[in-house]
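A.B. asks: Sharing a structure here in structure tokens format.
The values are calculated or read from the model by the stated rules, or taken from the named source; none is laboratory data. Bear in mind the structure is a predicted one, so any value in this text is a computation, not a measurement. As a convention, Cβ positions derive from the backbone with ideal geometry for all residues, glycine included, and neighbour counts pool all protein chains shown. Surface accessibility is based on the protein's heavy atoms, side chains included, excluding ligands, DNA and RNA. Shrake-Rupley method; radii C 1.70, N 1.55, O 1.52, S 1.80 Å.
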There are 2 protein chains.
Amino acid sequence: MDLALIDTNSWTGIREVLLRRIHDRVWQPGEQIPHEADLAEEFGCARTTVNRALRDLAESGLVIRKRRAGTRVALNPPQRATLTIPIIREEVEALGRTYRHSLLERELRPLPPMLHGAFQVTLGEDVLFLKTLHFADDRPYAFEERYINLAAAPGAHEMAFDEVSANEWLVHNAPYSHGDLSFFAINADKTMSRKLDAASGTALFAMERITWSGKVPITHVRLIFAPGYRMRTEI
Amino acid sequence: MDLALIDTNSWTGIREVLLRRIHDRVWQPGEQIPHEADLAEEFGCARTTVNRALRDLAESGLVIRKRRAGTRVALNPPQRATLTIPIIREEVEALGRTYRHSLLERELRPLPPMLHGAFQVTLGEDVLFLKTLHFADDRPYAFEERYINLAAAPGAHEMAFDEVSANEWLVHNAPYSHGDLSFFAINADKTMSRKLDAASGTALFAMERITWSGKVPITHVRLIFAPGYRMRTEI
DNA sequence: CACGTTAATATGTGCATGCATATTATCTTA
DNA sequence: TAAGATAATATGCATGCACATATTAACGTG
């Protein structure tokens, strides 16, 4: 890798050079690196360009920037990973398999006490409960339990959700502003072992998600994947 | 929320306004939105500023941008989540608990066949194998199995890893450029149930990670967490 | 010397401008 | 008409400049 080949007039080029200096310990972790102005002079470019490169490094957590205090190499670069949580249909189809889902249950229910803390809905108000099984090539792929706040997604009341999945419908009709996401492992109980075609007690990968639009909760989902599921990403 | 309060002279302000238009379906999913120049005129700011706001929205996957083709609202906004995978010590200490770890095993070994594909090392070359148990307040927190490529981290040979953990040492001494990360669920076998103080067969959350520096593999880790562990993030 | 005030400074951001580049639309030409 | 050349256009990026803002260092003053 010849450094001379890198174009230090582009912000990406400058980022590469800075990255290499950090990797090669030219600038030690915790050490302060030269100011934007100095770097700009060194690379013969505008401060804006250096700024862009440094901003990008700061975003990925490799350097810490503070006004007046300058920029320093992060001591413990946090290992950030960006997970892409696709719509299950798309995930299955990306694997080259055919997607299908079947709605096992659909009813109005009071909000289960378990969710009272996380999911602030007027008490007494019913929420829509759905149980869905997702298939890939006719083999169970994931089991879904979902509560939908009808106040946040009124149209859901009229939807059967047998054709289009609740997930897809909500993505398009009740966009969320933020949410909580968590992952954990769970033992297959009798129901799940039957639905997911897994031996009872098998460790299953699960994901739980709550989404809000502003302060209004939209939906709570728990997805439990069939045995062998792995969630992957690159860092 | 009064829109008039938002400062449309700052790129974050403009981002908020655009975000709201997308949420409120002023611009439908898939629909093309006005050009940077038009928006700049509307907000009475420079095109650069609008560009910055749109770039940010594009990064989060909410809009898709193409030269000449313009910007359009994403049809299926990919649900991205940024996970921060901390050093275990920091994770434990952030919980207000005391961290401790004990090295259970440390030896040179040939690379196990299981890893031959992922972890390209000269055959016959030994790698350093470590087994560590991490504690929080003297209760087992996670069980770690790690292979270190000595060619990539020569200093590791001299390290006992009983004081400073391999994780922390590597972070500081053999920075990686990229890696693969995956999460899954696994049943506790006899060893793990003993080490992690879990009933045999309990579903455990596990993470596997391989990191490289360029083309040279550095380390392969498998972390298995004690029962009840949840990995959380916000979206 | 302790503590509050003020100045210095590095990053953060906005603007106007110009050119680069990818992609689409249009216009030729065989 | 179809294929290829060419023009039009929206985003991408670099520059120089000005000013905003957070934070630290220096300075007084009691």
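A.B. asks: Kindly indicate whether A:Ile22 is closer than 23 Å to A:Lys66 by Cβ, more than 10 Å from DNA strand D (Cβ to nearest atom) and within 14 Å of chain B (Cβ to nearest Cβ).
C.D. replies: On the way: closer than 23 Å to A:Lys66 by Cβ: yes; more than 10 Å from DNA strand D (Cβ to nearest atom): yes; within 14 Å of chain B (Cβ to nearest Cβ): yes.
Yes: the conditions hold for A:Ile22.
A.B. asks: Something else: Tell me yes or no: at least one residue of segment A:150-159 is more than 22 Å from B:Ala185 (Cβ to Cβ), open to solvent by less than 20 Å² (accessible area, probe 1.4 Å) and more than 8 Å from every other protein chain (Cβ to nearest Cβ).
C.D. replies: Yes.
A.B. asks: Now a separate question. So if I check each of B:Glu59, B:Glu16, B:Glu90, which one is under 30 Å from B:Asp137 (Cα atoms) and without any contact (Cβ under 8 Å) to a residue 24 or more places away in the chain?
C.D. replies: On the way: B:Glu59 fails: under 30 Å from B:Asp137 (Cα atoms); B:Glu16 fails: under 30 Å from B:Asp137 (Cα atoms).
Answer to the check: B:Glu90.
A.B. asks: Might you let me know whether segment A:33-43 holds any residue that is of a type in the set (Val, Ile, Thr) and more than 12 Å from DNA strand D (Cβ to nearest atom)?
C.D. replies: For segment A:33-43, residues of a type in the set (Val, Ile, Thr) and more than 12 Å from DNA strand D (Cβ to nearest atom): present.
A.B. asks: Within segment A:182-192, track down each residue that is within 12 Å of chain B (Cβ to nearest Cβ), more than 14 Å from B:Phe205 (Cα to Cα) and surrounded by fewer than 20 Cβ atoms within 10 Å (Cβ to Cβ).
C.D. replies: A:Asp189
A.B. asks: Can I ask one more? So, in segment B:216-228, how many residues would count as being within 11 Å of chain A (Cβ to nearest Cβ) and surrounded by fewer than 20 Cβ atoms within 10 Å (Cβ to Cβ)?
C.D. replies: Number of matching residues: 2.
A.B. asks: Taking segment B:198-215, which residues are modelled with pLDDT under 95 and surrounded by fewer than 16 Cβ atoms within 10 Å (Cβ to Cβ)?
C.D. replies: Across segment B:198-215, the qualifying residues are B:Gly214, B:Lys215.
A.B. asks: Restricting to segment A:74-91, name every residue that is open to solvent by 70 Å² or more (accessible area, probe 1.4 Å) and within 12 Å of the chain's Cα centre (by Cα).
C.D. replies: Selection gives A:Arg80, A:Thr84.
So that you can scan it fast, the table gives a plain yes or no per residue for (1) in the same structural domain as A:Phe205 (by TED's automatic domain parsing); (2) exposed (fewer than 14 other Cβ atoms within 10 Å of the Cβ); (3) in a strand (DSSP E or B):
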{"residue": "A:Leu57", "(1), (2), (3)": "no, no, no"}
{"residue": "A:Gly61", "(1), (2), (3)": "no, no, no"}
{"residue": "A:Glu93", "(1), (2), (3)": "yes, no, no"}
{"residue": "A:Gly96", "(1), (2), (3)": "yes, yes, no"}
{"residue": "A:Ser102", "(1), (2), (3)": "yes, yes, yes"}
{"residue": "A:Met114", "(1), (2), (3)": "yes, yes, no"}
{"residue": "A:Gln120", "(1), (2), (3)": "yes, no, no"}
{"residue": "A:Pro140", "(1), (2), (3)": "yes, no, yes"}
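A.B. asks: I would also like to ask the following. Name the residue that is least open to solvent (accessible area, probe 1.4 Å), counting only residues in segment B:35-55 that are more than 12 Å from DNA strand C (Cβ to nearest atom) and free of Cβ contacts under 8 Å to residues at least 12 places away in the same chain.
C.D. replies: B:Asp38
A.B. asks: What pairs come out if I take residues in segment B:170-181 that are facing chain A (nearest Cβ under 7 Å) and pair them with residues that are part of a strand (DSSP E or B) and open to solvent by 60 Å² or more (accessible area, probe 1.4 Å) whose C-beta lies under 9 Å away, six or more apart or interchain?
C.D. replies: Partner pairs satisfying both residue conditions: B:His178/A:Glu234; B:Gly179/A:Glu234; B:Asp180/A:Arg232; B:Asp180/A:Glu234; B:Leu181/A:Arg232; B:Leu181/A:Glu234.
A.B. asks: Determine whether A:Phe135 is part of a loop (DSSP other than H, G, I, E, B) and in contact (Cβ under 8 Å) with a residue 12 or more places away in the chain.
C.D. replies: no
A.B. asks: Okay, next question. If we scan segment A:26-33, do we find a residue that is near DNA strand C (Cβ under 10 Å from one of its atoms) and surrounded by fewer than 18 Cβ atoms within 10 Å (Cβ to Cβ)?
C.D. replies: yes
A.B. asks: Kindly indicate whether any position in segment B:64-73 is within 16 Å of DNA strand C (Cβ to nearest atom), touching a helix residue (DSSP H, G or I) at 6+ places or on another chain (Cβ under 8 Å) and open to solvent by 60 Å² or more (accessible area, probe 1.4 Å).
C.D. replies: Yes, segment B:64-73 contains at least one residue that is within 16 Å of DNA strand C (Cβ to nearest atom), touching a helix residue (DSSP H, G or I) at 6+ places or on another chain (Cβ under 8 Å) and open to solvent by 60 Å² or more (accessible area, probe 1.4 Å).
A.B. asks: Only one of these conditions is not met by B:Glu91: (1) more than 16 Å from DNA strand D (Cβ to nearest atom); (2) of a type in the set (D, E, K, R); (3) in contact with a helix residue (DSSP H, G or I) (Cβ under 6 Å, 6 or more places away or on another chain). Which number is it?
C.D. replies: It fails just one condition, (3).
A.B. asks: I'm trying to understand the selection: among the residues of segment A:193-208, which are within 24 Å of A:Ala94 (Cβ to Cβ) and in contact with a Lys or Arg (Cβ under 8 Å, 6 or more places away or on another chain)? Walk me through how you get there before you give the answer.
C.D. replies: Of all residues in segment A:193-208, those within 24 Å of A:Ala94 (Cβ to Cβ) come to A:195-198, A:204-208.
Matches in segment A:193-208: A:Asp197, A:Phe205, A:Ala206, A:Met207, A:Glu208.
A.B. asks: Is at least one residue of segment B:82-91 modelled with pLDDT of 95 or more, outside the structural domain of B:Phe135 (by TED's automatic domain parsing) and not hydrophobic (A, V, I, L, M, F, W, C)?
C.D. replies: no
A.B. asks: With respect to B:Thr48, is the statement that it is within 23 Å of A:Ser177 (Cβ to Cβ), among the hydroxyl-bearing types (Ser, Thr, Tyr) and either within 14 Å of DNA strand D (Cβ to nearest atom) or modelled with pLDDT of 95 or more (or both) true?
C.D. replies: For B:Thr48, the condition - within 23 Å of A:Ser177 (Cβ to Cβ), among the hydroxyl-bearing types (Ser, Thr, Tyr) and either within 14 Å of DNA strand D (Cβ to nearest atom) or modelled with pLDDT of 95 or more (or both) - is not met.
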